[in-house]
Every structure is written in C-alpha cells, then in structure tokens.
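Since the structure comes first, as structure tokens, the remarks are kept for the end.
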Amino acid sequence: MRDVVSQRLENQKLSASDFKKPVDVVRWLGAVQAQDFNAAKWALGLRMRAATDADVEEAFNQGQILRTHLMRPTWHFVSPEDIRWLLQLTAPRVNLRCGPNYRKLELDNATFKRSNKALTKALKGGKHLTRSELKKVLNQAGISADDTVRMAHLLVRAELDGVVCSGPRVGKQFTYALLEERVRPTKPLAREEALAKLTQRYFTSHGPATLQDFIWWSGLTTIDAKHGVQIVNGDLRKEFIEEKVYLSPRAVKATKRVHSAHLLPAFDEYTVAYKDRQTLFARTNGEASTWGLLGPIVIVDGRVAGTWKRTNDEIDLQLSKELMEPEQIAITSAVDRYATFLGR
C-alpha cells in the first residue's frame, strides 16, 4: 500500500504545493471539513506554499472562502463559485439525514419557510449578524429559538436552502450573511454535470480512493456515486490492490522517497475523507482504532506516528514509535512550520 500512501500525499498537496491562496486549496479538494474552525484553517495552511493563520482568517472574513453545511451534516469550507451547485447536489441528502431531528424538534416545512423569511429580512442590505442576534430575530417572528439545538437546526436548514452562509467574524464570534449578497451569481449546473464535477474533484485530489470512500465523503447515494464514476471513468485510473478497486487521476507523478512529517489537524481531509483508514497504519499497527485518527495526529511518510496537541506556546508530541534521525529532523521541521503558521 506504499504507492497508495505516497500518491495521496501528492494528490492532497501535502508533499508539495504551488497554492498561494486558501481558496486554491478549497477549490482543489472540493470542500474541506471545518466544524473545528482553527483546525480547518491549519488544514489549508498545510497545503499552501506559505501561509499564516492570519492569512486564512482574512480570506474567510473577506468571503474568499465560505463555511456552511453541505455533503455530510457538518460544516465545510467551500469556494464561492462552488457553493450553489454543491448545495443543489448534496443538500437533499443532508436534509434527509437531519429529518429525525427536524421531526423531534417539531420543525416542518412551514416553520422553515417562516424562519427563512425572517432571516432574509434581518440580514438584507449586507448585514452580518451573530447567532445570538438571529435568535432574537426568530423569537420576535414567533419562531421559538431559545433551545440551542432547535436554533442550530433552523440555521442549518437556512444554509441548506441557500438562504444564508458565513459572514466575517466579529472578534471570535461567527456571523451569518445572505448567500445572494455574499456570493455573486454563478452559472447553474445541471445535476449530472454537478455529479461529474464532484466525482472528478474527489478522485483527483483524494485518490487513490475506493467507491466506498467517495460515498462516505460526499454523502451521496451508492447509485449516484456509481453514476458519477461512470460519467468520468475515462479520466480516471483504476488499480486493483488487495482485492479492492482504487480510482485516481490518470496522470501519476513519480515521487522520490524523502522522509516527510506533518502535524495534521483534527478532521483533516487526509484522514476524514476515507471510509477505510487502515492504509494510514503500518502493518505492525493495523489493529489500532481508526476513529482516533480524527484528532490531531503526527504522520511520518504518510503513516501514523503519534498524536500531538498545542498547549499555550508548546507542542506536546506523543509518538508511538522510535524514529530514525531523518524522521526526527522531519518532525522538527513540521513543528517549525506550524509555529510559523501561528506567527510565533
């Protein structure tokens, strides 16, 4: 599985990258899981030639990258030119998965119609309001929003309906803006065209990956995912590895074996974007929990080497194996890179 790991490092732009802007990374990956905002900013910084936390924050505040719910029921960074067609393609599936919570919270289409109308009126004219401010708006409109979970689902539905998206932060608080005012009009895509585009994006930026990986990442049905692969089949390379079919871009770049290390943030695309995460472990550690991979981890040459956490101005590394000197040097470089990103 060595080739799978090295190709993923290359395609995910962890080995090397020419990207200069956060939106370049987001556009390349299709969407980037971002419920942990600070972690997601570092995920973008890792894939840029040079970046600081302040650079990514500024891009977000300027609306060059957006944060909304799509694909799986969680926040993602997405580019402005992609947000509408991605929502049209994936929002129905997210709403379906949110359905039990909608019913439990007594939220129906009539309620969502009223809440979307109230939100639109409050945000119109380029206003950016925090969640607490919008809670007052909804309560005044006769829509109960004091319950935190109910309020969250009202806003999720407004995002999925393409009514609101992220606005600039006010201090550390997030705001919401009207999508139609935040994002200039874009050409709509037919559903099949959108499906092809998402499929191509995924396997180009995340491959080699399996069909099941794509289904997990996109939240699409198996039928839709298979159809997407059929549409772009001519642009994909197929490999049989250990009785599984892996798809990747046709052009495979030769990679030299150079020791590399990365401090991956929680929910990084290198870990979260695959249903099967066993390739991240060396064979001697193949029984480790793959769910643990969703936190901050250290990878060396693309494989898990331990965990890390930031405590004030220190990085605490918990390594799972002894490292050779070139690997230790690579980890030191990775820590220095993160410090530079933080401006320290």
Exercise for review: Counting only residues that are at pLDDT 95 or above and among the small types (Gly, Ala, Ser), give me the helices (runs of 4 or more DSSP H) lying completely in the stretch 1-62 with at least 2 of them.
Suggested key: 37-46, 53-61
**Study point:** Selection within the stretch 24-55 - more than 12 Å from the chain's Cα centre (by Cα) and of a type in the set (Asp, Glu)
**Key:** ASP24, ASP53, ASP55
Check your understanding: Which one is surrounded by the fewest Cβ atoms within 10 Å (Cβ to Cβ) among residues in the stretch 216-238 that are in contact (Cβ under 8 Å) with a residue 40 or more places away in the chain and not in a loop (DSSP other than H, G, I, E, B)?
Key -> TRP216
Review point. Residues TYR246, TYR274: which one is in contact with a strand residue (DSSP E or B) (Cβ under 7 Å, 6 or more places away or on another chain), more than 30 Å from MET324 (Cα to Cα) and not aliphatic (A, V, I, L, M)?
Key: TYR246
Practice item. For residues that are in contact (Cβ under 8 Å) with a residue 12 or more places away in the chain and out of contact with any helix residue (DSSP H, G or I) (no Cβ under 8 Å at 6 or more places or on another chain), scanning just the stretch 51-68, find the one that is surrounded by the fewest Cβ atoms within 10 Å (Cβ to Cβ). Key: GLN62
Check your understanding: Within the stretch 1-23, restricting attention to residues that are under 15 Å from the mean Cα position of the chain (by Cα) and over 24 Å from ARG237 (Cα atoms), which residue is surrounded by the fewest Cβ atoms within 10 Å (Cβ to Cβ)?
Key -> VAL23
Practice item. Of all residues in the stretch 183-198, count the ones that are out of contact with any Ser or Thr (no Cβ under 8 Å at 6 or more places or on another chain) and either within 30 Å of ALA16 (Cβ to Cβ) or in a helix (DSSP H, G or I) (or both). Key: 7
Check your understanding: In the stretch 70-87, which residues are surrounded by 23 or more Cβ atoms within 10 Å (Cβ to Cβ) and part of a strand (DSSP E or B)?
Key -> LEU70, TRP75, HIS76, PHE77, VAL78
Practice item. Assess whether ASP213 counts as being under 24 Å from the mean Cα position of the chain (by Cα), modelled with pLDDT of 95 or more, assigned to a helix (DSSP H, G or I) and under 14 Å from ARG8 (Cα atoms). Key: yes
Practice item. Determine, yes or no, whether THR186 is without any contact (Cβ under 8 Å) to a residue 60 or more places away in the chain, of a type in the set (S, T, N, Q), surrounded by fewer than 20 Cβ atoms within 10 Å (Cβ to Cβ) and closer than 22 Å to PHE60 by Cα. Key: no
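The values are calculated or read from the model by the stated rules, or taken from the named source; none is laboratory data. None of the values given here were measured: they were computed from a predicted structure. Cβ coordinates were reconstructed from backbone atoms using ideal geometry, including for glycine residues, and neighbour counts include every protein chain displayed.
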